[in-house]
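Structure first, then comments.
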Amino acid sequence: MRTILITGGAGFIGSHVVRLFVNKYPEYRIVNLDALTYAGNLENLKDIDTQSNYEFVKGDINDSSFVNTLFSNYQFDGVLHLAAESHVDRSISDPMSFIMTNIVGTVNLLNGARAIWSSNSDGKRFYHISTDEVYGSLGKSGLFHETTSYDPHSPYSASKASSDHLVRAYHDTYKLPIVITNCSNNYGPNQFPEKLIPLAIHNISTNKPIPIYGKGENIRDWLYVEDHAAAIDLVFHKGRDGETYNIGGHNEWTNIDLIKQLCKTMDSKLGRKPGTNEHLITYVKDRAGHDLRYAIDSSKIEKELGWKPSLQFEQGIEKTVDWYLANPDWLENVSSGAYEKYYDKQYNRR
Ligand code: NAD
Ligand code: DAU
């Protein structure tokens, strides 16, 4: 039996990865390590948490002695590292927690893996899940390739860039078996409503303004979260040692077009007159250092590993909206208390 550590498994993407691995690989023992910050929610995993090959450990990757003991006790065969502070706006108001978790926390995990794999690393793998934001911002044309130079602009993307460099440095210096992926914007069920799509779904449902930064002209490349999880499965098992793979949706939208599309979908789902939800769109102050455009060339993972996105955006958005409308308690639970305070501060609502 292989023992696999998944960090950040109670978060958005992590929970989809944990579910996929627990269901698909009964022969693996899946250990989910998560500190349960505001973004971590064990509700996300309630359908699989009694399965015999799944175990949850609450803990902080910033605590090096805890991490070392964990690696020594479990003797992991593989690590999928997703735990992170992940929201750009929070990184602008509180960079230090991003430096700690995304950089120091990653190094603690690298040290834990190095300690137990130093004598024999055959069949072992440290998989670092990263973002396309490390590449910076594109103009109107062009794509991010695996060879694109790093040029991060926010404390979040700079902290992820730093962790990518450290993961590569552990490969080159200590021969730690690693692989890295850099993915574009994910959307789907269980995403915390601080991110654009779930925030807009939440606000439309409750008839609140939908805040659009600047002129809404920024472009993101959107990928359904289960397609990302499928790519992660492939890379973990078949990716080449020391390599980077870009993952993207071939699905670029300006923020304003995306939100208009979402408004239309939700007019019909909520039985509102066409055009009703668009009235909620409200332009607000732009994000500082706001990257104009992200777009991914994912031909390497497509050619080498045979991955491609399975869902059209229209299908993915419909599935996502259906999930949020069917799970009002999930939204209610995560959007009370601390979320309200965050929202007021971020959007200057007093
Ligand atoms: P998320 O914020 O939803 O979840 C992060 C998880 O990490 C939470 O469960 C949280 O409790 C946990 N965590 C945070 N700090 C921790 C700590 N110190 N110790 C242990 N656990 C801790 O994030 P997400 O959107 O699911 O992103 C997961 C990973 O994928 C991140 O590394 C992110 O950079 C990367 N990524 C995200 C996207 C995206 O669009 N969301 C795209 C590309 C890459
Ligand atoms: O590209 C991958 C990245 O995508 C991940 O690494 C990050 O973890 C993830 O949060 C996401 O970052 P973005 O900053 O692109 O996502 P966000 O949902 O915060 O914003 C998407 C776009 O929408 C961006 O151009 C900013 C804009 N926006 C966002 C919010 C929250 C708004 O216009 N209004 C908003 O209220």
Practice item. Run down the lysines and flag those whose C-alpha is under 24 Å from the C-alpha of residue 238, throwing out any fewer than 8 positions away in its chain. Key: 24, 124, 160, 175, 300, 303, 308
Review point. Ratio of region 155-227's C-alpha Rg to 2.2 N^0.38 Å, to two decimals?
Key: 1.53
Practice item. For region 79-199, list log₁₀ I(q)/I(0) at each q in 0.12 Å⁻¹, using the Debye formula over Cα point scatterers of equal strength and ignoring solvent, two decimals each. Key: -0.48
Revision key, fill the gap. With every protein chain in place, the accessible area of residue 47 for a 1.4 Å probe, in Å² rounded to the nearest 10, comes to 90
**Study point:** Cα-based radius of gyration of region 1-156 once divided by 2.2 N^0.38 Å, which approximates compact folds
**Key:** 1.10
Review point. How much accessible surface area, in Å² rounded to 10, belongs to the heavy atoms of residue 217 with a 1.4 Å probe?
Key: 110
Practice item. Show which lysines lie in cross-link reach of residue 140 when reach means a straight Cα distance below 17 angstrom and same-chain residues fewer than eight apart are skipped. Key: 215
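Antiparallel versus total DSSP beta bridges in the chain: what percent is that, nearest 5?
DSSP beta bridges in the chain are roughly 5 percent antiparallel.
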Review point. Using modelled amide H (1.01 Å from N, peptide plane; none on Pro or chain starts), what sits under 5 Å from the amide H of residue 292, excluding residues fewer than 5 places away?
Key: 138
Point to revise | Among 98, 72, 40 the positive-end extreme of the charge dipole of region 26-126 (Cβ point charges) | key: 72
Exercise for review: Any chance you could list P(r) for the chain, counting all Cα-Cα pairs in 10 angstrom bins from zero, rounded to whole %?
Suggested key: 5, 25, 36, 24, 8, 1, 0
Point to revise | Principal axes of region 287-338: Cα extent on each, largest first, Å | key: 45, 33, 19
Point to revise | P(r) weight above 15 Å for region 58-125, C-alpha pairs, percent | key: 55
Exercise for review: Check the straight Cα-Cα distances from residue 195 and name the aspartates and glutamates below 12 Å, setting aside those fewer than 8 residues away within the same chain.
Suggested key: 89
Review point. Which distance in Å, rounded to a whole number, links the C-alpha centroids of region 1-74 and region 282-350?
Key: 23
Review point. Semi-axes of region 96-143's equivalent ellipsoid from the Cα gyration tensor, sqrt of 5 times each eigenvalue, largest first, rounded to whole Å?
Key: 31, 17, 5
**Study point:** Compactness of region 160-285 - radius of gyration and Dmax, Cα, Å
**Key:** 18.7, 61
Review point. Any idea of residue 69's accessible area? Nearest 10 Å², probe 1.4 Å.
Key: 70
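The values are calculated or read from the model by the stated rules, or taken from the named source; none is laboratory data. Treat the numbers as computed from the prediction; the structure is a model and nothing was measured. Note that each Cβ is placed from the backbone with ideal geometry, even for glycine, and that neighbours are counted across all protein chains shown. All accessible areas refer to the heavy atoms of the entire protein, side chains included, with ligands and DNA or RNA removed. Shrake-Rupley method; radii C 1.70, N 1.55, O 1.52, S 1.80 Å.
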